[in-house]
1. Tell me the residue from THR241, THR298, THR259, THR314 that is hydroxyl-bearing (Ser, Thr, Tyr), modelled with pLDDT under 85 and more than 24 Å from ALA190 (Cβ to Cβ), please.
2. Whether any residue in segment 176-195 is modelled with pLDDT under 80 and in a loop (DSSP other than H, G, I, E, B) is what I want to check.
3. Out of GLY258, GLY276, GLY269, GLY264, report the one residue that is under 60 Å from the mean Cα position of the chain (by Cα) and open to solvent by less than 70 Å² (accessible area, probe 1.4 Å).
4. Return only the number of the condition from (1) under 30 Å from ILE318 (Cα atoms); (2) touching a residue at least 24 places away in the same chain (Cβ under 8 Å); (3) open to solvent by 100 Å² or more (accessible area, probe 1.4 Å); (4) not small (Gly, Ala, Ser) that ARG150 does not satisfy.
5. Please specify each residue of segment 68-81 satisfying the condition of being open to solvent by less than 70 Å² (accessible area, probe 1.4 Å) and in a helix (DSSP H, G or I).
6. Taking interchain pairs and intrachain pairs at least six residues apart, which have beta carbon atoms under 9 angstrom, with the first residue in segment 69-93 and basic (Lys, Arg) and the second part of a loop (DSSP other than H, G, I, E, B) and surrounded by fewer than 10 Cβ atoms within 10 Å (Cβ to Cβ)?
Amino acid sequence: MNLRTLLWACACGFSALPVHAASLSEAFEQGSTFGRSGNAAARSHITTTPPASTVPQFTATPTQSTYFGSTDLGGNASALQSACLVTPSAGSPSAQACAAINFTRENPARRPTFNITPTDPLLVRGKQITADPQSIVGNLAGTYTGCTTRSITTPDIFDKHFCNEYRVLERLTCEKTLSVEVRDDGLGCAPNTLITPNPRIAFIRPYVYVGAVCADEIRFQWTYGYSECNGTNASIVVMTTVPSEHPQRMLVNLGCGGTYFLEGACPDGVCNYRVGTEAHCDDPCPHGCCDGYLPEQTLATFSFTRPQRTYTLTDTWINQCAPYEARLP
């Protein structure tokens, strides 16, 4: 292509003629027609003759096939370049390949160098052509008929798009924990204090009285005082077993104060007791004789409500499920 033809092509590319962009179907049809037109010419050049009979130096096993899978292509290239330093004889199978290798190796030193300045006539003239191609080739409207102006109205295309949004099912676990605080409110009375009026029991010489004591178990306190017993007062606490529904009898020996009995029960938490003296000898002599035998004698009876310990329970829920419950419909 000469310079004039090149300039004409540039001018055609920059002309301001209106053009029409064909639709996809029209472009496909034009390309298909152009392809079919060249089938006949291309088919005449297709031959089934083996390449070894028409291609000089053709071989199905070239030495370069050994390079496939090699991990040292650089070493192979250096070895081939060294082998081509001695130019093969003309017509040998490696002559043309070595000519190309030697040309590539020596070309950088042989290639001439030159400088093109911005004021070079080739660049200056090229800028003038690209700035106003019509001044060079004239108006193409009267000479070129390949471009036509067409008006095509394409109707609006409406399309429907759908999308779905799903919430992924999750299996979540959480705990609701009940925390119970137990507060001991006590027995409703001061521990180890008498909860009944002391029924004072008058006897011949000593005086004795007994009363129920505030405790978890059923307790009774005996107190007596007598000057002949060293002039001191003494107290004895009698502790019963589990709250009894059936009468129980307990004996208390107060030394020189004598032996007493305590008998009673606490059905349904209401205690009824009686206290008295055991049957005994009236006036024993040193040799075991007895002036008279005195029978059992009830000295006093009394009742009281058995103290019961009470508790206050405070429930506190620790709910870790609240965030998940809020997501429920």
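1. THR259
2. Looking through segment 176-195, none of the residues is modelled with pLDDT under 80 and in a loop (DSSP other than H, G, I, E, B).
3. GLY269
4. (1)
5. Those that are open to solvent by less than 70 Å² (accessible area, probe 1.4 Å) and in a helix (DSSP H, G or I): GLY74, GLY75, ASN76, ALA77, SER78, ALA79, LEU80.
6. As it stands, the answer is none, since no pair meets every condition given.
The values are calculated or read from the model by the stated rules, or taken from the named source; none is laboratory data. Note that the coordinates shown come from a computational prediction; the quantities given were computed from them, not determined experimentally. Quick reminder, even Gly has a Cβ in these numbers, built from the backbone with ideal geometry, and neighbours come from all protein chains shown. Ligands, DNA and RNA are excluded from the accessible area calculation, which covers all protein heavy atoms including side chains. Shrake-Rupley method; radii C 1.70, N 1.55, O 1.52, S 1.80 Å.
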